[in-house]
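The values are calculated or read from the model by the stated rules, or taken from the named source; none is laboratory data. All of these numbers come straight from a predicted model, not from anything done at the bench. Positions of Cβ are backbone-derived with ideal geometry, glycine not excepted, and every protein chain shown enters the neighbour counts.
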Amino acid sequence: MKPSVDPRPSRIATTVFALLNPGPYGAFVAALLADITYARSAEILWVKAAAWLICLGLVAAVIPRLINLVQIWITGPRPRPVAVTLAFWLNALAIVAAIVNAFVHSRDAYGTMPDGLWLSIATVVLMVVGQVALALHATHRTS
């Protein structure tokens with residue numbers, strides 16, 4: 001009979017994830033604020049800033065998402081907690097929305113609104129809901 005082993009995530013991977021995970025949130029929220037500012041002022045600088053911030057957020061999201069992918073689907077516990085799986089898929093959807101948003105922001109500044117604004121809102125909301133699910137899971141597990 002094979003002994004039951006509870007796989008634990010690597011401490012290094014967990015630390016790297018914790019250090020790099022907030023980066024995309026900051027970039028995507030800043031892009032949303034730049035989109036809102038552009039929608040209110042029509043100053044082209046803001047839509048270009050949003051485009052750069054979205055690309056920066058996508059680049060910053062790669063390493064934490066790869067670490068999260070391995071920790072959840074390969075080395076994670078079985079059965080997977082619902083909140084962890086939900087957060088993974090919400091972040092994946094947010095990244096897909098951000099990729100589409102990057103393409104929308106490659107258009108002329110006038111052509112980015114309102115699609116770019118809605119995609120920025122969707123990206124931030126999906127990531128925030130995923131993070132809230134993880135936080136509720138963590139507080140439920142410790143109490």
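Regarding N101, is this residue in a helix (DSSP H, G or I) and either modelled with pLDDT under 95 or closer than 23 Å to S10 by Cβ (or both)? In short, no.
For L134, indicate whether it is aliphatic (A, V, I, L, M) and either over 17 Å from the mean Cα position of the chain (by Cα) or crowded, with 16+ Cβ neighbours inside 10 Å (or both). Yes; evaluated as a whole, the condition is true for this residue.
Cβ contacts < 8 Å: first residue surrounded by 19 or more Cβ atoms within 10 Å (Cβ to Cβ), restricted to the range 108-119; second residue in a loop (DSSP other than H, G, I, E, B), any location; separation 6+ or different chain. Result? Pairs that qualify, where the first residue is surrounded by 19 or more Cβ atoms within 10 Å (Cβ to Cβ) and the partner is in a loop (DSSP other than H, G, I, E, B), are T112/H105; G116/H105.
Filtering the range 56-81 to residues that are in contact (Cβ under 8 Å) with a residue 40 or more places away in the chain, part of a helix (DSSP H, G or I) and either β-branched (V, I, T) or under 22 Å from A34 (Cβ atoms) (or both) leaves G57, L58, A60, I63, I67, V70. What are the residues in the range 48-94 that are crowded, with 20+ Cβ neighbours inside 10 Å, of a type in the set (V, I, T) and over 20 Å from H137 (Cβ atoms), if any? Selection gives I54 alone.
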